[in-house]
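Below: one structure, written as structure tokens.
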């Protein structure tokens, strides 16, 4: 997999990476808030300090060592035991020792002593007790040099360290973990799903060329929602349909195809939408175009154009006495005439594979320059296979992240015996091309689109 494919994956799933990151940080924030609300307020801590000066003229060369020794004695167990005894403290010597800290300053003769207590009086009592106990202990041991207290700082409450930096650091770590988790989900979905992803994926699965890619798009309702070519079609999506028209023209230059079947493996691929826009694109270049809704089981193209329901293809094939003029309807797309599906028929395949349908197609060929035929899903009923044998060429429509690779392969395999000319495929909802929806991401549910036009 090259860098381009990785970028395509990021474009398809950028929203999931953001959602995963935001959810991880939000969960961490809620957890911190709950923890803080349940935690008991911390008791204040007070600190007092004193500075001792160590002096020993006779030991000038070893004064640093003597200073360090006195620092160790002050924070040692002996001073703590004497303080417990002198002050009558109701605690152990180990507890007192843990509240005393002595620090010697390098290159000086100073020892800084700090004590901590639950109250200011406790801290002050401890610092005073340290001075008394140490001086008494030094005198008893007849230790060298002199020690005197040069500074005493009264007890003050210690400020609670602000946790902001720690919380921010943890939040950044959680955000990275959330993004990594979302990325892992993307990788799993990309490699485990059977849905087609891009043009190369479609060509590998179908073993036929890809004629064009249409970005995901979704605007308006009814006729406006399905027909990107309305009003001349100036959007990037409309330009993609013009590119598809050009690709079809090049593919049929040596052997022209007047009647083209637009087929899909299943409902939701976008076959009807492609048929409508291809008919409009062909009409925009001056061709007289007939759009045939050959889905006599669940036809919807009359609703796309807002045409009233009435007699259609199934009625003409059932009765045999209707003329083409009685079933053909003008549409809002200039240059496009619609042959609606008509009443639903349970014998659609038999009607399509009849001399009457052949007569309808002959009449359409005599009157129109191009005929675009929409049909039911290839893998659900046999109607599409019958129609493929009666049209000059077939185009298979798939939708990215929706149509399964296995279904695409089965669709091409089912159509090959009926037609020698499968021009190629059209990839709908391709997030790798610009111009569709919000950063190319489709925001409408497929079910809503099918309510307007069987895709």
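Structure above, values below:
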quantity	calculated
The range 301-341 shape via C-alpha gyration tensor axes, a/c threshold 1.5	prolate
Label point distance in nm, residue 148-residue 132, each placed 7 Å from Cα along Cα→Cβ	2.2 nm
Distance (nanometres) between label positions extended 7 Å along Cα→Cβ at residue 177 and residue 359	7.6 nm
FRET efficiency, residue 285 to residue 325 (Cβ-Cβ, R0 22 Å, nearest 0.05)	0.30
Angle in degrees between helix 63-74 and the longest Cα principal axis of the chain, rounded to the nearest 10	80 degrees
Stretchable slack from residue 35 to residue 185, in nm (0.36 nm times residue separation minus alpha-carbon distance)	51.1 nm
Potential extension, residue 15-residue 389 segment - 0.36 nm per residue separation minus Cα distance	130.3 nm
MRE, 222 nm, helices only [DSSP H, n ≥ 4, -39500 (n - 2.57), over the chain, to nearest 500]	-15000 deg cm²/dmol
Rg and Dmax of the range 92-139, Cα atoms only, in Å	11.7, 35
Pairwise FRET efficiency - residue 381 versus residue 167, Cβ, R0 = 51 Å, nearest 0.05	0.25
Nearest 10 degrees, 0 to 90: helix 3-38 Cα axis against the chain principal axis	40 degrees
Degrees separating the helix 405-415 axis from the principal Cα axis of the chain, which is the longest one	10 degrees
Simple spin-label estimate for residue 27 and residue 413 in nanometres, 7 Å along Cα-Cβ	4.2 nm
Taking 274, 51, 210 and counting other C-beta atoms within 10 Å, the order from fewest to most	51, 210, 274
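Quick note: the coordinates plus some simple rules give every number you see, no bench work behind them. The shown structure was predicted, so the numbers you read here are calculated from the model rather than taken from an experiment. FYI the Cβ positions are ideal-geometry reconstructions off the backbone, even for glycines, and counts take in every protein chain you see.
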